[in-house]
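First comes the structure, then the notes that go with it.
The values are calculated or read from the model by the stated rules, or taken from the named source; none is laboratory data. Please read these numbers as outputs of a predicted model, since none were measured by experiment. Cβ coordinates were reconstructed from backbone atoms using ideal geometry, including for glycine residues, and neighbour counts include every protein chain displayed.
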Amino acid sequence: MGQAREVMDRLTEALTTARDPKAVAECFAHDAVAVTPDAGELRGRDSIAEYFDQMSEMIPQATFESLHKYEAGDTAIDEGFFGGRNTGPIALPSGETLPATQQEVRILGCDLATVEDGVIVSYRLYFDQAALFTQLGIMPEAPL
């Protein structure tokens, strides 16, 4: 296992099993850049940590079911299901929040982390926002 895989596994552990915001932040370089489907581009460790804090508040007992783990040079890639019950406020891209729906979610996602000197310098997260909002019950299912 290389450095990229080790850091990505540490991030996943900090977000789910350990639920440790400080450990999440420490996975990222001070000038790291992250791109997410809902918040867009985030610059800097503090902005990225805040994003994950909001996700952890929305689904405090989050789990990650890994489907595939890859490492190619300095980049680790994970694909799997993020899940849990929404028991905290839902942060919207507009900055507004909605109350918890108490709904269970299970969303397929993929993330890529490029690592230098033991920390993530570039991070990309992909997941289906429509599926998330539908499962939360705040967006109707699309008709077939």
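Among the residues of the range 32-68, the one identified as among the aliphatic types (A, V, I, L, M), within 16 Å of Val105 (Cα to Cα) and out of contact with any strand residue (DSSP E or B) (no Cβ under 7 Å at 6 or more places or on another chain) is Met55.
For residues that are over 14 Å from the mean Cα position of the chain (by Cα) and among the aliphatic types (A, V, I, L, M), scanning just the range 1-22, find the one that is surrounded by the fewest Cβ atoms within 10 Å (Cβ to Cβ). My answer is Met1.
Among residues of the range 130-141 that are over 14 Å from Arg85 (Cα atoms), none has a Cβ under 8 angstrom from a residue that is surrounded by fewer than 14 Cβ atoms within 10 Å (Cβ to Cβ) and among the basic types (Lys, Arg) at a sequence gap of 6+ or on a separate chain.
Ser94 fulfils the conditions (1) over 22 Å from Ala18 (Cβ atoms); (2) hydroxyl-bearing (Ser, Thr, Tyr); (3) surrounded by 14 or more Cβ atoms within 10 Å (Cβ to Cβ) except for a single criterion, (3).
Remark: pairs (first residue in the range 25-50, over 13 Å from Ala113 (Cβ atoms); second residue modelled with pLDDT under 95 and in a loop (DSSP other than H, G, I, E, B); Cβ separation under 7 Å; 6+ apart in sequence or on different chains) = Asp38/Pro93; Ala39/Pro93.
Among the residues of the range 106-118, some residue qualifies, meaning at least one is in contact with a helix residue (DSSP H, G or I) (Cβ under 8 Å, 6 or more places away or on another chain), modelled with pLDDT of 95 or more and over 21 Å from Ala34 (Cα atoms).
Against the numbered list (1) under 14 Å from Met8 (Cα atoms); (2) out of contact with any Phe, Trp or Tyr (no Cβ under 9 Å at 6 or more places or on another chain); (3) free of Cβ contacts under 8 Å to residues at least 40 places away in the same chain; (4) surrounded by 14 or more Cβ atoms within 10 Å (Cβ to Cβ), His68 comes up short only at (4). If I ask for residues that are surrounded by 15 or more Cβ atoms within 10 Å (Cβ to Cβ) and at pLDDT 95 or above, which ones from the range 36-49 would you list? Residues satisfying the conditions are Thr36, Leu42, Gly44, Arg45, Ser47, Ile48, Ala49.
Checking each residue in the range 46-65 for being charged (D, E, K, R) and either assigned to a strand (DSSP E or B) or under 18 Å from Cys27 (Cα atoms) (or both) picks out Asp46, Glu50, Asp53, Glu65. Since Asp78 meets every condition but one in (1) exposed (fewer than 13 other Cβ atoms within 10 Å of the Cβ); (2) among the acidic types (Asp, Glu); (3) touching a residue at least 12 places away in the same chain (Cβ under 8 Å); (4) touching a helix residue (DSSP H, G or I) at 6+ places or on another chain (Cβ under 7 Å), which condition does it not meet? Every condition holds for Asp78 apart from (1). So which residues in the range 66-104 are of a type in the set (Val, Ile, Thr), modelled with pLDDT of 95 or more and in a strand (DSSP E or B)? Scanning the range 66-104 gives Thr75, Ile77.
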